[in-house]
Amino acid sequence: MSGYVCLKLSPPPTCLSKHPRLPIPLVRNTLLGAALSFGLVFSFPSVSASQICRDVEPIQETLQTAPEVVTNEGLVEEAWQIVNDTFLDTGRHRWSQDTWQLKREAILSNSIQTRSKAHHIIKRMLSSLADPYTRFLSPDEFSKMARYDMTGVGINLKEVPDENGDLRLEVLGIILDGPAHSAGVRQGDEILAVNNMEVKGKSAFEVSSLLQGPNGTSVTIQVKHGNCGPVESIEVQRQLVARTPVFYRLEQLDNGVTSVGYIRLKEFNALARKDLVIAMKRLQDMGASYFILDLRDNLGGLVQAGIEIAKLFLNEGDTVIYTVGRDPQLQKAIVTDTSPLIQAPVVILVNDKTASASEIVASALHDNCRAVLVGKRTYGKGLIQSVFELDDGSGVVITVGKYVTPNHKDINGNGIEPDFQKLPAWDDISRHLKKCSMSQQG
């Protein structure tokens with residue numbers, strides 16, 4: 001996440017690119033708010049939300065250049081070709097280029113009379129992939145994404161069909177102590193309106209756009225708390241300023257014999273690595289001989305922040321994560337290039353809301369025998385999306401890759417199984433890590 005126009009997710013960044021140049025990947029999601037002051041590769045787990053990091057010069061160049069004249073059929077074929085070249089089927093739908101070729105022939109067998117019809121065909125074409133994160137962006141949506149930073153209120157939205165098949169939007173994830181959370185919005189709330197505009201039937205991306213606005217301005221969100229709860233209009237101030245996501249303390253256990261440095265990391269924002277380094281050094285100076293890193297309820301954020309934080313605990317040459325995709329640029333291992341900040345044993349607390357960047361950190365430390373995982377199986381969010389601009393100024397978001405742990409396990413849809421459900425004795429932790437290291441060496 002950084003250095004280009006991007007949107008993480010969680011997880012991964014989504015980058016704006018002009019096909020056929022392949023974009024730099026980002027973990028998918030459309031995150032609103034402080035947690036996404038990164039340039040996404042996040043992510044947070046949910047149907048929407050990421051962030052925008054911008055490379056000013058390329059964006060200005062794109063905006064100042066008049067779009068080429070393209071036929072409706074040409075536009076549809078352009079979108080078809082992007083999928084054909086880059087799409088990674090991470091589900092069980094058995095997508096193939098042969099069946100995709102048949103779809104092209106069927107779609108282009110008749111002339112397409114209007115631009116709106118072409119856009120509609122692209123939407124249906126992408127929908128047939130059965131990938132919840134692959135979608136079409138109208139020219140207006142793409143333009144907003146490219147030209148403005150995505151400031152917001154710190155929530156992730158999920159599209160949920162109601163009993164009539166219509167879409168409603170729920171708050172899937174929320175940044176603790178973020179603008180929306182502080183104002184009274186809660187996870188699971190249904191979004192009914194934004195600034196008095198009803199949002200029924202709108203996509204998560206459309207409503208995310210409505211929530212955007214200049215830093216420091218306010219937006220009124222009408223929510224219904226729970227399935228049968230009260231309806232409330234809540235005024236939320238948009239806030240881009242990142243707050244420290246790190247809380248730490250030294251705990252004396254075993255009648256003062258064992259000093260444990262406890263660190264809670266609420267999200268992976270721009271301050272996460274810097275503030276975590278400060279906390280680790282202070283706790284080490286205070287005599288901590290063990291560390292607990294609490295990632296429970298941490299839905300992710302900046303994936304790059306997660307990668308850099310994992311490196312703080314790993315030895316030089318250790319693998320942090322693998323990225324997998326059809327594009328050779330996505331077939332790579334991300335490897336630690338520094339020495340660890342601490343050598344002490346680490347416990348990572350996880351639960352079913354530990355997601356995206358949090359899962360990258362947890363799996364990296366676990367698979368390299370630097371930490372034991374305690375709690376519940378994690379969420380399971382590890383996809384990478386890229387955003388491509390089409391010739392008429394619209395765009396498509398395509399799932400192009402995924403993250404795989406150092407032990408070659410697929411995070412997405414599976415999550416990470418902890419070593420223990422409850423915190424074991426510290427001697428057991430040390431023995432577990434030693435046994436892990438010996439098995440890897442042997």
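Could you grab me the full set of residues in the stretch 374-394 that are touching a strand residue (DSSP E or B) at 6+ places or on another chain (Cβ under 6 Å) and either in a strand (DSSP E or B) or open to solvent by 10 Å² or more (accessible area, probe 1.4 Å) (or both)?
Hits for the stretch 374-394 are V374, G375, L383, I384, Q385, S386, V387, F388, E389.
In the stretch 291-301, what residues are modelled with pLDDT under 95 and either under 19 Å from P418 (Cα atoms) or open to solvent by 10 Å² or more (accessible area, probe 1.4 Å) (or both)?
Selection gives L299, G300.
Looking at (1) modelled with pLDDT of 95 or more; (2) in a loop (DSSP other than H, G, I, E, B); (3) not aromatic (F, W, Y), which is the one condition that is false for S363?
Single failed check for S363: (2).
Give the stretch 206-255 a look and list any residue that's of a type in the set (D, E, K, R), over 27 Å from F268 (Cα atoms) and modelled with pLDDT of 90 or more, or say none.
If the condition is that a residue be of a type in the set (D, E, K, R), over 27 Å from F268 (Cα atoms) and modelled with pLDDT of 90 or more, then K224, E232 are the ones that fit.
What is the number of the single condition among (1) within 30 Å of E77 (Cβ to Cβ); (2) hydroxyl-bearing (S, T, Y); (3) in a loop (DSSP other than H, G, I, E, B) that T354 does not meet?
Checking T354 against (1) within 30 Å of E77 (Cβ to Cβ); (2) hydroxyl-bearing (S, T, Y); (3) in a loop (DSSP other than H, G, I, E, B), the one that fails is (1).
So how many residues does the stretch 407-442 have that are on the phi < 0 side of the Ramachandran plot and touching a Phe, Trp or Tyr at 6+ places or on another chain (Cβ under 7 Å)?
Summing the residues that are on the phi < 0 side of the Ramachandran plot and touching a Phe, Trp or Tyr at 6+ places or on another chain (Cβ under 7 Å) in the stretch 407-442 gives 2.
Please give the number of the condition Q284 fails out of (1) open to solvent by 30 Å² or more (accessible area, probe 1.4 Å); (2) at pLDDT below 95.
With (1) open to solvent by 30 Å² or more (accessible area, probe 1.4 Å); (2) at pLDDT below 95 applied to Q284, the lone miss is (2).
I need a count of the residues in the stretch 58-73 that are outside any loop (DSSP other than H, G, I, E, B) and either open to solvent by 90 Å² or more (accessible area, probe 1.4 Å) or at pLDDT below 95 (or both).
So the answer is 7.
State whether one or more residues within the stretch 139-159 are in a loop (DSSP other than H, G, I, E, B), at pLDDT below 80 and over 20 Å from N215 (Cα atoms).
Within the stretch 139-159, not a single residue is in a loop (DSSP other than H, G, I, E, B), at pLDDT below 80 and over 20 Å from N215 (Cα atoms).
Go through L299, L283, L314 for me and flag whichever is aliphatic (A, V, I, L, M), more than 22 Å from the chain's Cα centre (by Cα) and assigned to a loop (DSSP other than H, G, I, E, B).
L314
Do you know which residues across the stretch 213-238 are of a type outside the set (V, I, T) and buried (at least 20 other Cβ atoms within 10 Å of the Cβ)?
Selection gives R238 alone.
Given the structure, is N269 of a type in the set (S, T, N, Q), buried (at least 20 other Cβ atoms within 10 Å of the Cβ) and outside the structural domain of A180 (by the TED database)?
Answer is yes for this residue.
Could you tell me whether the stretch 221-236 includes any residue that is under 25 Å from the mean Cα position of the chain (by Cα) and of a type in the set (K, R)?
Taking every residue of the stretch 221-236 in turn, none turns out to be under 25 Å from the mean Cα position of the chain (by Cα) and of a type in the set (K, R).
Out of the residues in the stretch 324-373 that are closer than 22 Å to A270 by Cβ, open to solvent by 10 Å² or more (accessible area, probe 1.4 Å) and not aliphatic (A, V, I, L, M), which is nearest to the chain's Cα centre (by Cα)?
K353
Within the stretch 403-442, how many residues turn out to be open to solvent by less than 30 Å² (accessible area, probe 1.4 Å), in a loop (DSSP other than H, G, I, E, B) and within 30 Å of L253 (Cα to Cα)?
3
Check whether at least one residue in the stretch 178-186 is of a type in the set (K, R) and within 21 Å of the chain's Cα centre (by Cα), and report yes or no.
Yes: the stretch 178-186 contains one or more residues that are of a type in the set (K, R) and within 21 Å of the chain's Cα centre (by Cα).
The values are calculated or read from the model by the stated rules, or taken from the named source; none is laboratory data. This one's a predicted model, so the numbers in the text were calculated from it and none came from an experiment. Reconstructed Cβ throughout: ideal geometry from the backbone, glycine too, with neighbour counts over all protein chains shown. Keep in mind that these areas ignore ligands, DNA and RNA; they rest on the heavy atoms of the full protein, side chains included. Shrake-Rupley method; radii C 1.70, N 1.55, O 1.52, S 1.80 Å.
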